[in-house]
1. Over all distinct Cα pairs, what is the inverse of the mean 1/r for chain B, reported as the Kirkwood hydrodynamic radius in Å?
2. Compute the Kirkwood hydrodynamic radius of the stretch B:60-185, taking the inverse of the mean of 1/r over all pairs of distinct Cα atoms, and give it in Å to one decimal.
3. Taking N as the number of residues in the stretch B:152-196, what value does Rg over Cα atoms divided by 2.2 N^0.38 Å take?
4. Could you tell me the center-to-center distance, by alpha carbons, between the stretch B:123-196 and the stretch B:284-355 in angstrom?
5. Most mobile of B:Gly183, B:Gly89, B:Gly146 per a Gaussian network model of chain B (Cα springs, under 10 Å)?
6. Have a look at the protein assembly as shown and give its Rg and Dmax from the Cα atoms, expressed in angstrom.
7. Let's see if you can work this out: charge +1 on each Lys and Arg Cβ, -1 on each Asp and Glu Cβ, no other charges. What is the dipole magnitude of the protein assembly as shown about its Cα centre, in debye to the nearest 20?
8. Using the Karplus curve 6.51 cos²θ - 1.76 cosθ + 1.60 with θ = phi - 60°, what ³J(HN,Hα) values do you get for each residue of the stretch B:137-146, in whole Hz, with x for Gly and Pro?
Amino acid sequence: MTKKILNVENINKYFQVKSKKALFRKPASVHVLNDISFELLEGETLSIVGESGCGKTTLGRCLVRGMDASSGNVYYHTEDGQQIDFLKLKGKHSKQYRRNIQMIFQDPYSSLSPRMSVFDIIAEPLIANFKLSKSEVEQKVMEIAEKTGLNVNYLQRYPHAFSGGQRQRIAIARALIMRPRLIVCDEAVSALDVSIQAQIINLLKDLQEQFQITYIFISHDLSIVQNISDRVAVMHLGKIVELATTESLFSSPKHPYTEALMSAVPQPDPELKKSRIILEGEMPNPANPPSGCHFHPRCAYKTEKCVQQAPELRQVADNHFTACHYAEELNLQGVQDETASAI
Amino acid sequence: MKTLPVFKRQKPAVISPAKTKDANYSSQWRLIYLKFKKHKLARISLVILAVLYTVALFAQFIAPYGLQSYDSKYVNAPPMGLHFIDADGKFHFKPFVYGLKSERDPETMRKMFVADTENRYPIQFFVRGEEYKFLGLIPTSLHLLGVEEPGRIFLLGTDGMGRDMFSRIVLGSQVSLSIPLVGVGISFVIGLFLGGISGYFGGWMDSVIQRIIEIIRSFPTLPLWMALSAAIPPRIPVVTMYLYIVIIFAFIGWTDLARVVRGKFISLKNEDYVVAAKIAGVSDGKIIVKHLLPGFISYLVVATTLAIPGMILAETAMSFLGLGIRSPATSWGVLLQEAQKIENVALYPWKLFPLGIVILTVLTYNFLGDGLRDAADPYKK
C-alpha cells in the first residue's frame, strides 16, 4: 500500500457574479466547485477530465493556492508522515511546504514572463525559496535544464526565441527545480501539437520515474488521459461524478456522462462502427444549476428520481466511485479497443 | 515509444549576458529599442525635440534680447530678412540685416516699416548684451548673436510693445516646454500610486478612487481652470505662479494615467506567469517589482509621452485666456494672446509664429509617442 500524499476534503469555490440589476442587490454567486473530495497516493497520476467550464482548472489552482478555495481542507502528508493543513499555511511554513506542490500551466506563451531570460525564469523559484550562492543556482539550473532536454547554451535567451514545446520544457524545468513531490499539470499539453505532446508526455513520465513525482493531470483529451494516468476523476459542473482506475473507467464507465465522453474518443480503426452519444443542449448554467442530479437535463436514462434527488458519490466496484442512482442497473459502453486509442 | 534525445552539452554555458546582436538574446527593452530605431518619423521627432529642449535650456543665451527689454520705436515691426547681397549687388560673406525706417502708407496713413538699405548691420556672434544668469547660475552678458548699436535684430518681427518675437518665443519655450514635463511627472507619480492601489487591492478602495476620478473628469475643464487660477493670488513671484499652474495641471492630468495603471495592474495580476511566481513562493513585493512593473512600464512611457502634448495645449490655452502665466513672464500661450485681436492677425501675421512652434512641438510629441507605442507593442511587426 502506497502512502497518501494529499487529502482533499469538501473543497467549495464560489465566484461572485455581478448582474446588471444588482446595484443594490446582493451579488449572485456561481458554485464552481461543489464539495470536491478525493485522496491522492504518492507516485500516482490522477487525471481530472471534463468539458470546458466544469471547474477542472479552478480545482487545480485551488490545490496549489493560486486561488483561494471558499471552504474545505487540503491535507498534505509530508514524507515523514506528518499531516499538514495546506490551505491555511502561513509565513515560513507556507514556503517550506508550498514548494512541494508546483504547477505547469496550459499556455506556455503566457506562463513565462517575456521580460526574463530563461535562466532567470528557471532560477526564480530557487532564489525565492533557498539561500544559495550564484554558482549553486547556476549548477542546479544547468542540471534541471539537461534533465528536461533544454539546450544549456540557450539559457540566456528570452522566451520569445523558443517554440511552444521548448517553452513547455522551460515551464516544466521551473516547476521541477524545487524538487516538488506533486505537480499539477493544468492542460499541460493541450496547447501543443500532437508530436510535441508525445514528447512532453514522455518527458513527464521519465521525470516521474526518476523523482517519484505525483501528478494531477488536468485534461480534456481522453486519449492522453488513458495513456498517462493511473486513476481518472470525471468532473461535471463542479462535481466529481466518477472516480475510478483508468482501466475500470474506460472499459466499464458507470456514469452516463462518462459514457458520453468515452464515445467521443476518436478511434483510429475505420472498420470499427461506433454509436456516438451526442449530448443535447449545452452544459447547464452553473449560476442556476438544475435540480437533483446536475446531469439530468442531458441524460438519456433520467427518471423522476434524478430530477428530485441529487446522487452521492458512492463506491460501486473496487476502486470505482460514481454519482449516479442507477450505476448498477445501467449497462454503459466504454472504449472498446483500449490500445487503439493510445497515442 | 521513443525516448527524447537529450541535447549534448557543447561547451560550458556562459552565464554573463551575451553581448551579441542576435535578437534571440535580446531583452524586451532591446527589442523595443531596435524597433524604435526603424521608425523614421519618431526618430526625426526625437531630434527635433532634442533641439527644442536644448534651445529652451540655453534660452537666455540664444535670445538676442531679454524678457524685460522693449523699444517703443519699433512697435509691430515685421520680421527682418537675413541678407548676403546688398542693394548694390555686392556679396557679403557675413549675413546682415538692414535697419528699419518708419514711413506712412500714403493711402491708409498707417505707420509701417521699410528696410533702410543705407544702413547695413552685419550679424555678430557672441556679442555682449543684456545681463542674465547663464543656466540660472553664472552671471554673464554674452549672447549668441546680435548686431551693433544702434541697429536692432528682429528675426521674427516685434509685438505691440516693440519686443522681439524671436527672443520671446525662445524664452517662452522654457515655460511652455517644461510645465508639461513637470506636470506629467507629478501626475505620473500620483497616477502610479493611486492607480496601483486601485488595481492591486481592488475592492472598496478601487471603487472610491474610480469614483473620484470620474468626478474630476466630469468637471468642465474651462470653468475648472478659471476657478483654480482665481485661487492663485495675483501678485506673486513668477516661480510660485509657475508652481501653482503645474499643480493645477497635475491635479487634472493624473486621472488618465491612474486608469492606465489600474487596467494594467488588473490584467497582469492574473497573468499565468504572475500566478506561477506566486505558486513558486515569490513574495508580493518581488512580484510587483519583477513581474508587474516591467510588464507595463513600456505602456506607461507611451501613455506619458502622449499625455505631454495635451498639457502643452492646455498650458497654451490657459495662458491664451489670461488664466495661466502672466506678463512679464512669457510662454507661447501668452504670446498668442496678442493674436486675439483680429487687427493683429490681419496686419501683423508674424504674431502667429508661436502657433507654428506649438503645432510643431505637439506633432513631434505625438509622432514620438506613436513610434514608442509601435515599438512597445510585441504583436506588431
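1. 24.8
2. 16.1
3. It is 1.86.
4. 16
5. B:Gly89
6. Radius of gyration, then largest Cα-Cα span, for the protein assembly as shown: 36.7, 120 Å.
7. For this selection, approximately 1420 debye.
8. Per residue, the Karplus-derived 3J(HN,Hα) values read 10, 8, x, 7, 10, 7, 10, 4, 9, x Hz.
Quick note: the coordinates plus some simple rules give every number you see, no bench work behind them. Remember, it's a predicted structure, so these values are computed and weren't measured experimentally. Every residue, glycine as well, gets a Cβ built from its backbone with ideal geometry; the counts of neighbours run over all protein chains shown.
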